[in-house]
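We did not get these values from a lab; they are worked out from the coordinates using the rules stated. None of the values given here were measured: they were computed from a predicted structure.
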Amino acid sequence: MKRFTHELAGLLALSLALAPQAFAHHSFAAQYDSTKVVTLKGYVTKVEWFNPHVYFYIDVDNVESGKPDSWAIEMGPPHMLQDSGWKKNSMQIGDEVEVVATRARDGSLSANARSVTLSASGEVLGAASSEQQTLTGGGARRGGQ
């Protein structure tokens, strides 16, 4: 009985440790509307290069209010960004960027990037978005399959 209690306690601890990771990932289609594409031009204020998704934040001029809007932009995981040419330091705070992105369904100032253009160099980088998987019904096939 004592062994069963220890195993149960261990299983419970493991479940609690993994629960935030399970809830952290989300479906692209649940959060973003692929029919609402926006193009944003602004300055990078923050970069978070972490799993499961890289986020960066840009200030975009709002002509109506005269004040900048702070947008949160989601990209794919670091390893997929690196596979498409990104480096952890490809984008720095203060860099001007143009982002083509899919807007959040809830109308918030958040989006999922399709591409990012670094204004200083003109370099266009893919964003390793999961949108393509949603639109095609599955992930990219490897090995020509």
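Compared with the alpha-carbon gap, the fully stretched path from residue 88 to residue 55 is longer by 10.7 nm at 0.36 nm per residue. Note on residue 67: lysines with a C-alpha under 16 Å away, same-chain residues under 8 apart excluded, are 41. Rounded to the nearest whole Hz, the Karplus-based 3J(HN,Hα) values (6.51 cos²θ - 1.76 cosθ + 1.60, θ = phi - 60°) of the range 70-83 follow the sequence 9, 9, 9, 10, 9, 10, x, x, x, 5, 6, 5, 4, 5, with x at glycine and proline. Once you have a ≥ b ≥ c as the square roots of the Cα gyration tensor eigenvalues for the range 28-136, tell me rounded if a/c is under 1.5, and otherwise prolate or oblate according to whether a/b is larger than b/c. Judged from the Cα gyration tensor, the range 28-136 comes out oblate (a/c at least 1.5, b/c at or above a/b).
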